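Participant: One structure follows; several queries about it will come next.
The values are calculated or read from the model by the stated rules, or taken from the named source; none is laboratory data. Every value quoted in this text rests on a predicted model; they were computed, and no experiment measured them. Backbone-built Cβ (ideal geometry, glycine too); neighbour counts: all protein chains shown. Surface areas here come from the heavy atoms of the whole protein model, side chains and all, with no ligands, DNA or RNA. Shrake-Rupley method; radii C 1.70, N 1.55, O 1.52, S 1.80 Å.
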Amino acid sequence: MQHETPASVNLLFVCMGNTCRSPMAAAFARKLLGKGATVQSAGIAVTAIMPSLQAVKALQLIYKTDISAHCPRPVQEFALDGFTHIIALDSYVMTFLADRYPVIASKLYAWNIADPYGGNEAEYADCAAQILQRLQLWCAETGLL
């Protein structure tokens, strides 16, 4: 279900490699918030050139969402001050961002979603479900829904 989101909402989801959690979170946010929000994802240690196959499968099979065209991007490629909200998907990523970019402290949020990288299909499916649940709760808490 999409809601009318203020056009000024500009979200960035950040995880380690930008192959699993942050692309899944960004895909869910785009669906949930609709065209009113700008949503991006990035990683702090990007080495891959494509999303995790398991993440792609989990989103296609369970949520009918396609992230296969996602191209992992390092957080350094983004002007972080342009985002209204930056969500680190675990405490390590949060600390990394807070230490290197102190100017974003007021817009930085930390979630505690374990990295499924290298896991099995069930672990990716569980991770996706956790991300969606956390996103829905966070959007309600911040007034985006």
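Participant: Can you tell me which residue is surrounded by the most Cβ atoms within 10 Å (Cβ to Cβ) among those in the stretch 113-139 that are part of a loop (DSSP other than H, G, I, E, B) and in contact with a Lys or Arg (Cβ under 7 Å, 6 or more places away or on another chain)?
Facilitator: 113
Participant: Now for a different question. Go through the residues of the stretch 91-105 one by one and say whether even a single one is over 17 Å from residue 14 (Cα atoms), out of contact with any Phe, Trp or Tyr (no Cβ under 7 Å at 6 or more places or on another chain) and aromatic (Phe, Trp, Tyr).
Facilitator: The answer is no, given that none of the residues of the stretch 91-105 is over 17 Å from residue 14 (Cα atoms), out of contact with any Phe, Trp or Tyr (no Cβ under 7 Å at 6 or more places or on another chain) and aromatic (Phe, Trp, Tyr).
Participant: If a residue must be of a type outside the set (S, T, N, Q) and within 22 Å of residue 130 (Cβ to Cβ), how many such residues does the stretch 98-112 contain?
Facilitator: Going through the stretch 98-112 one residue at a time, the tally reaches 4.
Participant: Still on this structure: Find the helices (runs of 4 or more DSSP H) located wholly in the stretch 1-112 whose residues include 1 or more that are open to solvent by 80 Å² or more (accessible area, probe 1.4 Å), over 24 Å from residue 143 (Cβ atoms) and of a type in the set (A, V, I, L, M), and list them.
Facilitator: Per the criteria, 53-63.
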